[in-house]
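Student: Quick one: the structure is below, and I'll ask about it shortly.
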Amino acid sequence: MLVEADILVEEGKIVSVGKSIESGYTKTVDLRGRLVLPGAVDPHVHGREPGLEYKDDFLHTSKAAVLGGVTTVLEMPNTVPPVDSPSRLLEKKSLLSGRSYADFGLYAVLYDYGDDLDSRISELVRSGAVGFKAFMAQTTGNLPPPSFGTVYRALELSRELGFTVVFHAEDRECVEFFTSRVLGEGREGLRAYSDARPPLCEELSIGYVASAARATGGRAYVAHLSVASSLELVGRRGSRANVYVETTPTYLFFDYESHEGLGALVKVNPPVRDSGNRARLWRALSEGLIDVVATDHAPHADYEKRADFWKASAGVPSLQHLLPLMLTSALEGRIPIGRVVELCSENPARIFGLYPTKGSLLPGADADVVAVDPAAEYVVTEESLAYKHRLSPYVGWRLKGRVDKVFLRGELVVDGGDLVIERPIGRPLR
Ligand SMILES: [Zn+2]
């Protein structure tokens, strides 16, 4: 719901929202003519630090986040070393503190901890892990997929302890089978890549995850769903109480029919699909079958993305343009603006237990506020990219609705589309 209102902020918190709040406060900011939204919460970011700083580091990643209106990032655990113990979680937390322009939470990885599974999970939760990530297929960092027993027990614990398990849902054996078949045919490119990791591999894994979540009552989150048909496996809202679904801009804006020329720049796991599927994903967004649009922001070095198609790394950097892309879609009438706020702020904050402190403009919330100029149009340039490696499939795209001002806990961090803060003030989430 869009309303015209003033927002009163004290000590980094929203105190009230309403018409004509009395003046006489220390400072007022005139946001007339602006769309004012809660800062976006991106629960799927690969910041690459520690260990993979040659791909990117957290200063660049979090700068890209706030420039794009993302004020909270949840950072994935497949760094080097991976976050698989309380000590590594705390080390990463202190490493990133002072190096983040956005507030951040850290995932721990879910793999086979053997007899230590229960204690490891509860210790990681106590140490502040915002959730767990299970990689069901091979990934950056080559972490082994968890066994059935680990998945089942982790979901039981997720219900008892109230955390969420995020699944990279592709079936590993299925991917291996079809990849070797397509390689044997000597094909390459985006369509070949979709055939090498076909919808079937995603469906097998999503069906597995959704069934296990249903059996345990656990909280499962299907990351980066690319295939609209697999939504049927999750079931409609209501009957799938604890299974959440995320998709990414990569699947909403690219397909192998229209974008084959981009090659490895949009090579990602799971792969981009055909245009009919892309249209079905948009329909699912408006029907409420998808809960979150997040980035799966996954930067790599230039040479890794510009390598031969099959050798090139999978992953698309997109953190800086998540909200701008969705706002452009809203301003073009493709999706209501309120739905964008649900998908990019409210729902991720709810699912990961951060709501209403994050993801809302309610009294008591952190004053993470994004002001957008709905009349501004601009073209994404390489120079404007905040990533260490200035790669983005969105270079040259014309977007509507510029992120003008961004406040993090009441502090102005972005003004006129530029970073205006001397040092990073992002904090780890409690
Ligand atoms: Zn990911």
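Student: Just one of (1) open to solvent by less than 10 Å² (accessible area, probe 1.4 Å); (2) more than 20 Å from Leu399 (Cα to Cα) trips up Phe254, so point out which.
Tutor: Going through (1) open to solvent by less than 10 Å² (accessible area, probe 1.4 Å); (2) more than 20 Å from Leu399 (Cα to Cα) one by one, Phe254 breaks only (2).
Student: Could you go through the stretch 345-353 and let me know if any residue there is closer than 21 Å to Val166 by Cα, part of a loop (DSSP other than H, G, I, E, B) and open to solvent by 20 Å² or more (accessible area, probe 1.4 Å).
Tutor: Yes, some residue in the stretch 345-353 is closer than 21 Å to Val166 by Cα, part of a loop (DSSP other than H, G, I, E, B) and open to solvent by 20 Å² or more (accessible area, probe 1.4 Å).
Student: Restrict the check to the stretch 383-399 and report whether at least one residue is in contact with a Gly (Cβ under 9 Å, 6 or more places away or on another chain), open to solvent by 50 Å² or more (accessible area, probe 1.4 Å), more than 19 Å from Pro317 (Cβ to Cβ) and of a type outside the set (Phe, Trp, Tyr).
Tutor: No: zero hits.
Student: Inspect the stretch 194-204 for any residue being in contact with a helix residue (DSSP H, G or I) (Cβ under 7 Å, 6 or more places away or on another chain), more than 16 Å from the ligand (Cβ to nearest atom), open to solvent by 60 Å² or more (accessible area, probe 1.4 Å) and closer than 23 Å to Tyr111 by Cα and give the result as yes or no.
Tutor: yes
Student: For the list (1) among the small types (Gly, Ala, Ser); (2) open to solvent by 10 Å² or more (accessible area, probe 1.4 Å); (3) touching a Gly at 6+ places or on another chain (Cβ under 8 Å), I need the number of the one condition that Ala298 fails.
Tutor: Of the numbered conditions (1) among the small types (Gly, Ala, Ser); (2) open to solvent by 10 Å² or more (accessible area, probe 1.4 Å); (3) touching a Gly at 6+ places or on another chain (Cβ under 8 Å), the odd one out for Ala298 is (2).
Student: Hey, any hits in the stretch 131-145 for a residue that's of a type in the set (Gly, Ala, Ser) and away from the ligand (no atom under 16 Å from the Cβ)?
Tutor: Checked against the condition, which is being of a type in the set (Gly, Ala, Ser) and away from the ligand (no atom under 16 Å from the Cβ), the stretch 131-145 yields no hits at all.
Student: Something else now. Based on what the data block shows, is Val227 modelled with pLDDT of 95 or more, more than 14 Å from the ligand (Cβ to nearest atom) and more than 25 Å from Ala284 (Cα to Cα)?
Tutor: Working: modelled with pLDDT of 95 or more: yes; more than 14 Å from the ligand (Cβ to nearest atom): yes; more than 25 Å from Ala284 (Cα to Cα): no.
The answer is no for Val227.
Student: Also, I was wondering about something else. Just one of the numbered conditions (1) in contact (Cβ under 8 Å) with a residue 24 or more places away in the chain; (2) surrounded by 18 or more Cβ atoms within 10 Å (Cβ to Cβ) is not true of Val182; which one?
Tutor: (1)
Student: On to the next question. Hey, can you tell me all the residues within the stretch 376-430 that are in a strand (DSSP E or B) and of a type in the set (S, T, N, Q)?
Tutor: Once the filter is applied, which keeps residues that are in a strand (DSSP E or B) and of a type in the set (S, T, N, Q), the stretch 376-430 yields nothing.
Student: Taking the stated definitions as given, is Leu52 in contact (Cβ under 8 Å) with a residue 40 or more places away in the chain, within 23 Å of Phe135 (Cα to Cα) and open to solvent by less than 10 Å² (accessible area, probe 1.4 Å)?
Tutor: Working: in contact (Cβ under 8 Å) with a residue 40 or more places away in the chain: yes; within 23 Å of Phe135 (Cα to Cα): yes; open to solvent by less than 10 Å² (accessible area, probe 1.4 Å): no.
No, not satisfied.
Student: Shifting gears a bit: Here are Ser16, Ser94, Ser20: which of them is of a type outside the set (Phe, Trp, Tyr), in a strand (DSSP E or B), away from the ligand (no atom under 16 Å from the Cβ) and open to solvent by 30 Å² or more (accessible area, probe 1.4 Å)?
Tutor: Testing whether each residue is of a type outside the set (Phe, Trp, Tyr), in a strand (DSSP E or B), away from the ligand (no atom under 16 Å from the Cβ) and open to solvent by 30 Å² or more (accessible area, probe 1.4 Å) leaves just Ser16.
Student: Take Phe104 and tell me if it is out of contact with any helix residue (DSSP H, G or I) (no Cβ under 8 Å at 6 or more places or on another chain), open to solvent by less than 20 Å² (accessible area, probe 1.4 Å) and not β-branched (Val, Ile, Thr). Quick ask: steps written out before the conclusion?
Tutor: Numbers: out of contact with any helix residue (DSSP H, G or I) (no Cβ under 8 Å at 6 or more places or on another chain): no; open to solvent by less than 20 Å² (accessible area, probe 1.4 Å): yes; not β-branched (Val, Ile, Thr): yes.
Here the answer is no, as Phe104 does not meet what is asked.
For every residue, the table says whether it meets (1) within 16 Å of the ligand (Cβ to nearest atom); (2) closer than 30 Å to Ser122 by Cα; (3) at pLDDT 95 or above.
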{"site": "Gly149", "(1), (2), (3)": "no, yes, yes"}
{"site": "Leu155", "(1), (2), (3)": "no, yes, yes"}
{"site": "Phe163", "(1), (2), (3)": "no, yes, yes"}
{"site": "Phe177", "(1), (2), (3)": "no, no, yes"}
{"site": "Ala192", "(1), (2), (3)": "no, no, yes"}
{"site": "Val222", "(1), (2), (3)": "yes, yes, yes"}
{"site": "Leu231", "(1), (2), (3)": "no, no, no"}
{"site": "Val234", "(1), (2), (3)": "no, yes, no"}
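Student: Out of the stretch 23-49, which residues are open to solvent by less than 40 Å² (accessible area, probe 1.4 Å), of a type in the set (Lys, Arg) and under 19 Å from Leu8 (Cβ atoms)?
Tutor: Matches in the stretch 23-49: none.
Student: Within the stretch 72-89, identify whether any single residue is more than 16 Å from the ligand (Cβ to nearest atom), under 26 Å from Met326 (Cβ atoms) and either part of a helix (DSSP H, G or I) or open to solvent by 10 Å² or more (accessible area, probe 1.4 Å) (or both), and answer yes or no. Before you say what the answer is, go through the steps one by one.
Tutor: So in the stretch 72-89, the residues more than 16 Å from the ligand (Cβ to nearest atom) come out as 72, 81, 84-89.
Cutting the leftovers down to under 26 Å from Met326 (Cβ atoms) gives us 72.
From the residues that got through so far, the ones that are either part of a helix (DSSP H, G or I) or open to solvent by 10 Å² or more (accessible area, probe 1.4 Å) (or both) too are none.
The answer is no, given that none of the residues of the stretch 72-89 is more than 16 Å from the ligand (Cβ to nearest atom), under 26 Å from Met326 (Cβ atoms) and either part of a helix (DSSP H, G or I) or open to solvent by 10 Å² or more (accessible area, probe 1.4 Å) (or both).
Student: Sticking with this one: Give the residue, chosen from Ser194, Ser180, that is in a helix (DSSP H, G or I), out of contact with any Phe, Trp or Tyr (no Cβ under 9 Å at 6 or more places or on another chain) and among the small types (Gly, Ala, Ser).
Tutor: Matching residue, one of Ser194, Ser180: Ser180.
Student: Then there is this: If you go through the stretch 267-315, how many residues are hydrophobic (A, V, I, L, M, F, W, C), in contact with a helix residue (DSSP H, G or I) (Cβ under 6 Å, 6 or more places away or on another chain) and within 16 Å of the ligand (Cβ to nearest atom)? Full working, then the answer.
Tutor: Our first condition is that a residue be hydrophobic (A, V, I, L, M, F, W, C); within the stretch 267-315, this holds for 268, 272, 279, 281-282, 284-285, 289-290, 292-294, 298, 301, 307, 309-310, 312, 314.
Imposing the further condition that a residue be in contact with a helix residue (DSSP H, G or I) (Cβ under 6 Å, 6 or more places away or on another chain) reduces the set to 268, 272, 281, 284, 289-290, 292-293, 309, 312.
Those left that are additionally within 16 Å of the ligand (Cβ to nearest atom): 268, 272, 292-293.
The number of residues fulfilling the criteria is 4.
The values are calculated or read from the model by the stated rules, or taken from the named source; none is laboratory data. Just so it is clear, the model here is predicted, and its values are computed rather than measured. With ideal geometry, Cβ positions are generated from the backbone for all residues, glycine too; neighbour counts draw on all protein chains shown. Heavy atoms of the whole protein, side chains included, go into the accessibility calculation; ligands, DNA and RNA do not. Shrake-Rupley method; radii C 1.70, N 1.55, O 1.52, S 1.80 Å.
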